[in-house]
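Below is one structure, written out as structure tokens; the observations come after it.
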Amino acid sequence: MKIPLFLALAFSLLAPAAAQTGLKCPEFSPRVRSLRTSRMQPLRRGKVWLEGSPKSVNTVSCDLYGMKTEEAEYDGKNLVLKNSYVYREKDEARGLCEKVKSEEKPDNTFTEEDRPTLDDLCRKHLKKDFGVVQVYDASPSQGGESARKPVRQIFRLYGKNGFTAEERAFDPLLKLETVTLFAYDKSNNLTEVTENDYDGRQLKRETYAWNKPTNSRTHSVYGETNELRKKTVFELREDGTLRREVRSVYDSGELPVTRSEIYCGAGGLPEKELVFDADAADPKYEYTYGHKFDARGNWTEERRSRVIVYNGKRMRDNQYAPEITKRELQYY
């Protein structure tokens with residue numbers, strides 16, 4: 001049985017790869033050409049919940065290297081956004097940088113300061129090893145790609161280990177938006193990702209820790225003032241499949257708000273989830289999971305159904321619609 005999507009995403013972040021951001025496709029075996037994920041709006045017929053129609057849809061196309069080439073979001077049938085990604089490396093990236101000329105800067109307001117521009121970065125890093133990701137608005141109303149300018153350009157600076165050390169994202173006016181920094185341990189495992197604004201103020205920080213004695217991985221998310229907001233612990237079996245996942249959410253004072261414990265079967269897929277309020281000893285809700293699979297062993301439908309826990313007794317909540325997620329996968 002293949003590694004489930006949420007675990008694959010976690011491992012892709014923990015692995016030392018050249019792309020640790022949203023540019024990387026989910027990892028599947030075999031590699032996927034495209035993935036369509038639909039969150040359904042269930043309909044009740046008597047005592048049976050039917051899957052209903054999609055209430056939100058995400059589609060992503062991937063190249064042979066596992067990088068996104070196109071992504072779209074739908075609210076029902078309505079297109080919300082659609083982006084395409086063009087990757088330029090080494091000589092091609094340097095050639096693009098050499099041709100960059102900043103557009104006329106807009107008049108500053110009390111909220112708009114002199115931000116670093118793409119020109120500034122190009123002059124400073126032209127001789128270094130870097131790549132560029134150009135993000136285009138691919139919605140039908142925007143016409144052909146050659147007639148458009150990128151809505152975002154991400155310059156990726158590489159370290160001595162060949163992995164991404166820094167990403168600088170620029171807006172359509174070629175002004176710096178965010179700077180993302182990556183840190184690794186001596187074995188080139190990713191240990192930290194920090195996202196700052198153009199002025200160096202922290203927006204978010206994520207850390208990744210390995211615990212060999214307990215065979216577990218911990219992913220922590222910190223806010224603007226470095227307060228802990230989320231923590232997820234992945235407990236693995238000896239064969240590497242997920243045994244249990246514990247998700248904790250904290251308020252701005254780092255006090256616990258909710259905690260979820262997800263127990264997985266032999267193949268690493270979730271079977272039961274317990275949801276707790278704050279640091280309560282007893283769960284408020286319990287969820288059970290069911291899956292359907294394709295011929296390659298990857299799940300194509302997941303149902304998450306709620307169970308009420310009252311005075312120690314478990315009762316299925318027939319009034320609560322199950323959460324139904326469907327996936328369509330096309331492979332290389």
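Nothing in this text is a laboratory measurement; each read-out follows from the coordinates by a stated rule. A quick note: this is a predicted structure, and the numbers were derived from the prediction, not measured. Cβ: placed from backbone, ideal geometry, glycine included. Neighbour counts: every protein chain shown.
Please compute the length gained on full extension between residue 47 and residue 80, using 0.36 nm multiplied by the number of residues separating them and subtracting their Cα-Cα distance. Spell out each step's value before the answer.
Working: separation 33, 0.36 × 33 = 11.88 nm, distance 3.39 nm.
Stretched fully, the residue 47-residue 80 segment lengthens by 8.5 nm.
Can you tell me the alpha carbon radius of gyration of the chain divided by the globular rule-of-thumb value 2.2 N^0.38 Å? Kindly include the intermediate steps, with their values, before the conclusion.
On the way: Rg = 22.3 Å, N = 332, 2.2 N^0.38 = 20.0 Å.
So the chain has a normalised radius of gyration of 1.12.
Take the cross-link list 24/124; 272/313; 90/128; 284/313 and give me the ones stretching past 20 Å between alpha-carbons.
Details: 24/124 27 Å; 272/313 16 Å; 90/128 9 Å; 284/313 11 Å.
Long pairs (Cα-Cα over 20 Å): 24/124.
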>> If you take every residue apart from residue 208 with its C-beta less than 12 Å away from the C-beta of residue 208, what net charge results, scoring Lys and Arg +1 and Asp and Glu -1?
In response: 0
> Over the Cα atoms of the stretch 144-217, how large are the radius of gyration and the largest Cα-Cα distance (Dmax), in Å?
Replying inline: 16.0, 56
>> Based on Cα coordinates alone, diagonalise the gyration tensor for the stretch 192-294, multiply each eigenvalue by 5, take square roots, and list the semi-axes in whole Å, largest first.
In response: 28, 18, 13
>> I'd like to compare 175-186, 305-316: which one has the highest average count of other Cβ atoms within 10 Å, and what's the full order after that?
In response: 175-186, 305-316
> Which of the listed residues, 250, 200, 310, is farthest toward the dipole's positive end in the stretch 197-332, when Lys, Arg count +1 and Asp, Glu count -1 at the beta-carbon?
Replying inline: 310
>> Under 20 °C and 1.002 mPa s, how fast does the stretch 261-323 diffuse according to Stokes-Einstein, given a Kirkwood radius computed over C-alpha pairs? Answer in µm²/s, whole number.
In response: 166
>> To make sure I understand the rule: partners must be lysines, Cα under 17 Å from the Cα of residue 204, and not fewer than 8 residues away in the same chain. Which ones qualify?
In response: 230, 231
